[in-house]
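Engineer: The structure follows.
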C-alpha cells in the first residue's frame, strides 16, 4: 500500500488538529521510511520479480526490523514516547503511535504472505489484495479520498497558496502511484532502496502545507 498510508495520516487530522501534517505523514509512513535505509545497508532484502504480484514486481524477501509485527509495535511505542517527551500531549502521542501501527495493519491486507510476526520468524501473513490491481486501486484510492475529505474538513481557512501546495501534493502522489503500477520495474534492488528515500520529500511537503494552513486558522 502507498497512498492509503497517506490517507490514514490525512484522516488523523480530524482527531487532533494540533499535530502537524508533516508528523502525521512521518508516523503513517515511518516503517517505509526506515525500510530503504535498511535495504541500502544490506540489513533487509528485496528482489525484483515481475509477476510476483499483479500490483508490484517487488518481492519483499526479508524485512524483520522494519515490517515484522513485533518490530512495528516497538517502533510505535518509541514514536509515542518521543512525541510525549517533547510535547507532553498524551492524545497526540497515542495518535502518532497508532499511525505507525496502522501501516502494518494496512499492509496486512495488501501484501501476499510476506509480513513476519516476529524477527527471524518463518511464519508470515498477508491477505494478498495486490493480486488484483483493480481492487487495490479501488480500496486504496477510497482510503486516500476519505483522508483528503477529512483533512480538508478540518483544515480551517484556506487561501490560494494553501490550495496550490495541498493539491499539488495530492496530484503528485497520485501520479507517482500510477507510475509505480504501470511503469517499468526498477533496474536493481539497490535502486529500489534509493528511490524509497524520496518518501522523505513528502514528509517535508507535509510540514510546508501545514505551516501555511496554520497561518490562516
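A short reminder: the numbers here are calculations on the coordinates, not readings from a lab. Quantities reported herein were computed from a predicted structural model and do not represent experimental measurements. Virtual Cβ from ideal backbone geometry, glycine too; neighbours counted across all protein chains shown.
Engineer: Taking the Cα atoms only, what angle lies between the long axis of helix 30-40 and the longest principal axis of the chain, rounded to 10 degrees?
Structural biologist: The helix 30-40 is inclined about 40 degrees to the chain.
Engineer: While we're on this one: Starting from the alpha-carbon convex hull of the chain, give the projected area averaged over all orientations, in nm².
Structural biologist: 11.4 nm²
Engineer: Ok, one more. How large is Rg/Rh for segment 114-217, to two decimals, with Cα atoms and a Kirkwood Rh?
Structural biologist: For segment 114-217, the value is 1.05.
Engineer: Please work out the C-alpha center-to-center distance from segment 64-96 to segment 109-137 and express it in whole Å.
Structural biologist: 23 Å
Engineer: I've got another one for you. Please identify which residues in segment 159-183 have an amide N closer than 20 Å to a label point set 7 Å out from the Cα of residue 132, following the Cα→Cβ vector.
Structural biologist: Residues 178, 181-182 qualify, since their backbone N sits under 20 Å from the label point.
Engineer: For 13, 190, which order do you get if you count the other beta carbons within 10 Å of each Cβ and list the fewest first?
Structural biologist: 190, 13
Engineer: In nanometres, what is the gap between the two model label sites at residue 211 and residue 52, each 7 Å from Cα along Cα-to-Cβ?
Structural biologist: About 3.7 nm, to one decimal.
Engineer: Pick from 203, 100, 90 the residue whose mean-square fluctuation is largest in a GNM of the chain, springs joining Cα atoms under 10 Å.
Structural biologist: 90
Engineer: Taking the beta-carbon count within 10 Å as an exposure proxy, list 138, 94 from fewest neighbours to most.
Structural biologist: 138, 94
Engineer: Please quote Rg/Rh for segment 18-72 to two decimal places, taking the Kirkwood radius as Rh and restricting both calculations to Cα atoms.
Structural biologist: With Rh from the inverse mean 1/r over Cα pairs, Rg/Rh is 1.07.
Engineer: Note down, for segment 170-215, the three equivalent ellipsoid semi-axes (square root of 5 times each alpha carbon gyration tensor eigenvalue), biggest first, whole angstrom.
Structural biologist: So the equivalent ellipsoid measures 27, 14, 4 Å along its semi-axes.
Engineer: Determine the relative contact order of the chain: mean sequence separation of Cα pairs under 8 Å and six or more apart, normalised by residue count, in whole percent.
Structural biologist: It comes to 32 percent, rounded to a whole number.
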